[in-house]
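The values are calculated or read from the model by the stated rules, or taken from the named source; none is laboratory data. Just so it is clear, the structure is predicted and the values come from calculations on it, not from any experiment. Here the Cβ positions follow ideal geometry from the backbone for every residue, glycine too, while neighbour counts run over all protein chains shown. These area figures cover heavy atoms from the full protein model, side chains too; ligands, DNA and RNA do not enter into them. Shrake-Rupley method; radii C 1.70, N 1.55, O 1.52, S 1.80 Å.
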Amino acid sequence: MNRIDRTFARLREQGRKALIPFVTAGFPSVETTRALLPALVRAGADLIELGIPFSDPMADGPTIQRASERALAQGMTLARVLDLVRDFRRTDADTPVVLMGYANPIEAMGEARFVEAAREAGVDGVLTVDYPPQEAEPFAARLREAGLHPIFLLAPTSRPERADEVARLGGGYVYYVSLTGVTGAGSLDVASVLARIPGLRERTGLPIAVGFGIRDAQTAAEIGAVADAVVIGSRLLETLEGASDADEACRRVESFLRPIRRTLDEGVTR
Amino acid sequence: MDYHYPDARGHFGPYGGVYVAETLVPALEALAQAYEEAKRDASFRAEFEDELKHYVGRPSPIYHAKRWSETLGGAQIYLKREDLNHTGAHKINNCIGQALLARRMGKPRVIAETGAGQHGVATATVAARYGMRCIVYMGEEDVHRQAANVYRMKLLGAEVVPVSSGSRTLKDALNEAMRDWVTNVHDTFYILGTVAGPHPYPEMVRDFQSVIGKECLWQMPELIGRQPDYVIACVGGGSNAIGIFYPYLEHESVRLIGVEAAGEGVETGRHAATLVAGRPGVLHGNRTYLLQDEHGQIRETHSISAGLDYPGVGPEHALLKDLGRAEYVAVTDDEALAAFHALCRYEGIIPALESSHALAYAAKLAPSLPRETVLLVNLSGRGDKDMHTVAERSGIRW
């Protein structure tokens with residue numbers, strides 16, 4: 001059983017919601033990311049989204065753009081992202097890791113080679129931002145054959161039938177983009193997000209994660225009251241900017257994430 | 001030639017498609033549907049043609065560059081004078097089409113990306129003409145290289161937003177325009193300037209630009225009693241080239257040659273010759289040839305011409321290359337400059353540096369061919385905007 005399914009099954013039993021931090025691999029440095037992955041788990045992460053840096057991150061706002069540029073300047077490559085996952089798996093056999101990125105670095109490695117290397121490294125799911133379902137059928141099939149989940153986005157603008165496509169091709173969870181904009185934008189309308197989720201549930205049995213624009217514990221708890229998971233990316237990366245070393249970075253993410261974890265758990269029992 | 005591309009999902013064989021984040025998928029579906037309806041609507045077509053005639057000044061003439069041809073001593077060179085269009089380049093053809101579509105879809109705000117500034121100027125122009133708000137994204141690097149066009153856009157009432165991410169050139173301006181579109185999709189129409197991007201842009205921009213080749217199809221027989229032997233056009237994203245190539249695809253005796261920017265030389269790595277030296281991948285919403293490193297990161301490109309300084313290329317060119325229906329070559333900055341000066345001195349025409357690449361290849365080819373051979377070169381834009389670049393290169397202060 002895929003770690004993502006196991007994690008959501010366990011959380012459901014416990015009546016808890018998943019906290020999913022997103023970090024760009026290699027930001028602010030490769031060493032920091034290596035130290036950060038276990039630190040995220042210590043701080044309460046249930047699943048980690050690890051960003052594959054790309055030179056042209058069309059769907060990302062300034063924070064993740066900067067993080068990607070910085071990571072690439074440090075010599076980050078897809079092969080090294082997989083090395084980071086492999087290292088993480090030596091000490092953590094349970095926390096799911098989802099790679100999130102753009103199609104071109106994956107295609108440059110070769111889809112088949114990538115899927116095999118990702119499986120072997122201990123990756124559990126792949127979210128390719130610029131592979132919408134209609135272009136992703138062969139890639140999704142390849143991932144599923146290897147026991148990995150293809151994860152898809154749905155947006156406020158998506159027609160209801162898009163959820164059927166995602167339910168047919170995808171696995172793991174559905175990533176619901178909480179706003180019409182790029183990552184890290186500041187105009188999240190909680191009420192409209194919450195209004196969309198019941199409709200999605202009618203069309204897919206997959207857990208629903210919400211991301212893009214969740215910046216604080218309060219919003220996380222409000223979203224978590226209805227969704228199955230909240231994703232926090234840009235705001236988390238902002239806390240890393242200017243960290244002097246890996247220890248400092250770990251301390252910062254732990255002190256940022258712990259209150260969110262707490263509020264998310266309290267929010268649900270309240 | 002049995003050629004029916006793209007398919008219903010926007011694929012040109014293995015190229016093209018809709019490789020975008022989900023948020024944009026519905027907007028592109030709505031655009032594709034609106035375009036399908038518009039192109040079947042006789043009144044839309046009539047208005048487009050009327051605007052091209054009275055506002056753009058079409059048809060643009062074809063001119064026999066006799067003196068230059070004689071100097072080169074071989075084939076005869078004919079120029080399709082897109083430089084004589086309103087705003088000085090072919091870009092306006094597409095902008096008129098898309099602005100009419102924006103109006104039809106009820107979108108009051110238009111955005112565009114621009115490299116050399118020609119597409120930005122053309123977009124600002126049509127936005128003024130139709131009373132739309134206009135925002136143009138332009139790489140910081142290009143804002144400096146093309147100061148005159150920046151001022152021109154501002155005069156026309158557009159807001160020019162410098163883009164400081166990535167390599168600060170056209171590709172980054174395109175990223176930023178996409179980000180704007182994803183954020184403001186409810187009231188905004190993205191007027192994309194070339195035959196790249198997600199479906200339906202490559203098809204739609206091709207259709208609007210095809211007026212160039214369609215005119216040539218009747219103008220050449222009027223001039224010389226037959227079609228040309230070669231059609232030559234520069235290729236950055238590839239809109240002027242597709243515009244003149246597409247109506248000629250079925251005329252299989254006509255050789256189609258796309259000329260890319262070899263910059264300082266393809267072997268130096270400082271170039272923008274995507275089809276000559278790239279390999280397929282996914283960028284800006286479509287699958288096509290790209291200049292990329294071994295890890296799939298997009299490479300910085302170089303060309304003296306900002307309009308060719310782009311690491312991708314329209315997916316239809318990728319297909320035409322694979323099919324062998326068009327050939328793609330590259331000429332260097334220096335070769336393009338030499339052709340630029342030659343056209344100034346022999347014909348009294350100042351060509352855009354982009355178009356100078358097509359001219360340079362014609363100049364290479366002509367001497368090896370008999371006098372009866374006819375080369376039709378798409379003179380896609382005029383060179384006023386490039387005065388500064390050329391003067392600087394020649395060590396002239398002005």
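I'd like the carbon and sulfur percentage of the solvent accessible area for chain B, probe radius 1.4 Å, heavy atoms only, ligands and nucleic acids excluded.
Working: 6820 of 13720 Å².
Here carbon and sulfur together make up 50 percent of the probe-accessible area.
Tell me, what is the FRET efficiency for B:ARG104 and A:ARG119 to the nearest 0.05, using R0 = 51 angstrom and their Cβ-Cβ distance as r? Spell out each step's value before the answer.
Numbers: r = 49 Å, r/R0 = 0.96.
Computed FRET efficiency for B:ARG104 and A:ARG119: 0.55.
Suppose R0 equals 51 Å; then what is the FRET efficiency for B:ARG371 and B:VAL161 from their Cβ-Cβ distance, rounded to the nearest 0.05?
Numbers: r = 51 Å, r/R0 = 1.00.
Here the calculated transfer efficiency is 0.50.
Which value, in nm² and rounded to one decimal, describes the direction-averaged projected area of the C-alpha convex hull of the protein assembly as shown? Intermediate results must be reported in sequence, preceding the final value.
Details: hull surface 116.4 nm².
That works out to 29.1 nm².
Label the range B:46-178 by shape, choosing from rounded, prolate and oblate, from the square roots a ≥ b ≥ c of the eigenvalues of the Cα gyration tensor; if a/c is under 1.5 it is rounded, and otherwise prolate applies when a/b is larger than b/c, oblate when it is not.
On the way: a/c = 2.61, a/b = 1.36, b/c = 1.91.
In terms of gyration-tensor shape, oblate.
May I ask you to list the GluC sites (Glu not before Pro) in the range B:197-261 that are in a DSSP loop and have at most 14 other Cβ atoms within 10 Å of their Cβ?
Working: sites: B:GLU203, B:GLU215, B:GLU222, B:GLU250, B:GLU252, B:GLU260; in loops: B:GLU250, B:GLU252.
Counting only loop positions with at most 14 other Cβ atoms within 10 Å, the GluC sites (Glu not before Pro) in the range B:197-261 are B:GLU250, B:GLU252.
Straight-line reach from B:LYS107: which lysines fall under 19 Å, measuring Cα to Cα and dropping same-chain residues less than 8 apart?
B:LYS39
Amide H to amide H under 5 Å from B:VAL377: which residues, 5+ apart in sequence or cross-chain, H placed 1.01 Å off N in plane?
Those lying under 5 Å, H to H, from B:VAL377 are B:TYR78, B:LEU79, B:LYS80, B:ILE232.
Given A:ILE197, B:MET1, B:LEU365, which one lies farthest toward the positive end of the charge dipole of the protein assembly as shown, if we put +1 on the Cβ of every Lys and Arg and -1 on the Cβ of every Asp and Glu?
Result: A:ILE197, furthest along the dipole toward the positive end.
log10 I(q)/I(0), Debye, Cα-only the range A:1-115, no solvent, q = 0.18, 0.21 Å⁻¹?
Debye curve over Cα of the range A:1-115, log10 I(q)/I(0) at q = 0.18, 0.21 Å⁻¹: -0.94, -1.19.
Which ³J(HN,Hα) values, rounded to whole Hz and listed in residue order, are derived for the range B:24-36 from phi using the Karplus coefficients 6.51, -1.76 and 1.60 in 6.51 cos²θ - 1.76 cosθ + 1.60 with θ = phi - 60°, glycine and proline given as x?
Calculated HN-Hα couplings, in order: 8, 4, x, 5, 6, 5, 5, 5, 4, 5, 4, 5, 4 Hz.
Roughly how many Å is it from the Cα centre of the range B:185-202 to that of the range B:78-146, as a whole number?
12
Counting alpha carbon pairs within less than 8 Å and at least 6 residues apart, what relative contact order, in whole percent, applies to chain A?
Details: 512 pairs, mean separation 62.0, N = 270.
23 percent.
Averaged per residue, what accessible surface does the protein assembly as shown expose to a 1.4 Å probe, in Å²?
That works out to 35 Å² per residue.
What whole number of Å gives the distance from the Cα centroid of the range A:82-103 to the Cα centroid of the range A:228-262?
One Cα centre to the other: 18 Å.
Taking amide H positions as placed in the peptide plane 1.01 Å from N, state which residues far from B:HIS302 in sequence (5 or more) or on other chains have amide H under 5 Å from it.
Answer set, sorted by chain and number: B:HIS271, B:ALA272.
Round to a whole number: what % of the accessible area of the range A:191-230 belongs to carbon and sulfur, probe 1.4 Å? Could you put the intermediate results ahead of the total?
Working: 780 of 1500 Å².
After summing per-atom areas, the C and S share lands at 52 percent.
Straight-line reach from B:LYS66: which lysines have a Cα under 23 Å away, not including same-chain ones fewer than 8 places off?
Candidates past the 8-residue exclusion: B:LYS80, B:LYS364.
Using label points projected 7 Å from each Cα along Cα→Cβ, tell me how many nm separate A:GLU248 and A:GLU202, to one decimal.
5.2
Can you give me the C-alpha center-to-center distance between the range B:364-398 and the range A:129-197, rounded to a whole angstrom?
A separation of 49 Å, based on Cα centres.
Could you list which residues have their amide H under 5 Å from that of A:VAL210, counting only those 5 or more apart in sequence or on another chain, with H placed in the peptide plane?
Those lying under 5 Å, H to H, from A:VAL210 are A:TYR176, A:ALA229, A:VAL230, A:VAL231.
Out of all DSSP beta bridges in chain B, what portion is antiparallel? Express it as a percent rounded to 5.
Here the share of antiparallel DSSP bridges comes out near 30 percent.
Using the Karplus curve 6.51 cos²θ - 1.76 cosθ + 1.60 with θ = phi - 60°, what ³J(HN,Hα) values do you get for each residue of the range B:212-225, in whole Hz, with x for Gly and Pro?
For the range B:212-225, the Karplus-derived couplings read 4, x, 4, 5, 4, 4, 9, 6, 4, x, 4, 7, 10, x Hz, x marking Gly and Pro.
Only Cα pairs under 8 Å and at least 6 apart count here; give the relative contact order of chain B as a rounded whole percent.
Numbers: 887 pairs, mean separation 81.7, N = 398.
Relative contact order for chain B comes out at 21 percent.
How would you classify chain B from its alpha-carbon gyration tensor, with a ≥ b ≥ c the square roots of the eigenvalues: rounded for a/c under 1.5, else prolate if a/b is greater than b/c, otherwise oblate? Don't skip to the end; give the middle numbers.
Working: a/c = 1.36, a/b = 1.26, b/c = 1.08.
Verdict is rounded for chain B.
What does the charge count around B:VAL276 come to, taking other residues whose C-beta lies under 13 Å from its C-beta (Lys +1, Arg +1, Asp -1, Glu -1)? Present the calculation step by step, with values, prior to reporting the outcome.
Details: positive: B:ARG279, B:LYS321; negative: B:GLU260, B:GLU267, B:GLU327.
Its environment carries a net charge of -1.
Quick one: grab the alpha carbon gyration tensor of the range B:183-226, order the square roots of its eigenvalues as a ≥ b ≥ c, and give me rounded if a/c is under 1.5, else prolate or oblate depending on whether a/b is larger than b/c. Before the final figure, lay out each step's value.
Numbers: a/c = 5.62, a/b = 3.78, b/c = 1.49.
In terms of gyration-tensor shape, prolate.
Determine the relative contact order of the range B:1-131: mean sequence separation of Cα pairs under 8 Å and six or more apart, normalised by residue count, in whole percent.
Numbers: 106 pairs, mean separation 20.9, N = 131.
Relative contact order, the range B:1-131: 16 percent.
Can you figure out the FRET efficiency of A:ALA9 with B:GLU29, using R₀ = 35 Å and their beta-carbon distance, to the nearest 0.05?
0.50
What is the mean projected area of the alpha carbon convex hull for the range A:94-171, to one decimal in square nanometres? Numbers along the way, then the final one.
Details: hull surface 21.0 nm².
Mean projected area of the Cα convex hull: 5.3 nm².
Rounded to whole Hz and in sequence order, give me ³J(HN,Hα) for the range A:192-198 from the Karplus expression 6.51 cos²θ - 1.76 cosθ + 1.60, θ = phi - 60°, writing x for Gly and Pro.
Once rounded to whole Hz, the list reads 6, 5, 4, 5, 7, 5, x.
How big is Rg to Rh over chain A, alpha-carbon atoms, Rh as the Kirkwood inverse-mean-distance radius? Mind dumping the intermediate values first?
Working: Rg = 16.8 Å, Rh = 18.2 Å.
Using only Cα positions, Rg/Rh for chain A is 0.92.
With solvent modelled as a 1.4 Å probe, how much accessible area in total do chains A and B shield from it at their shared surface, in Å² to the nearest 100? Each step should come with its number before you reach the end.
Working: alone 11110 and 15120 Å², together 23390 Å².
Heavy-atom accessible area buried at this interface is about 2800 Å².
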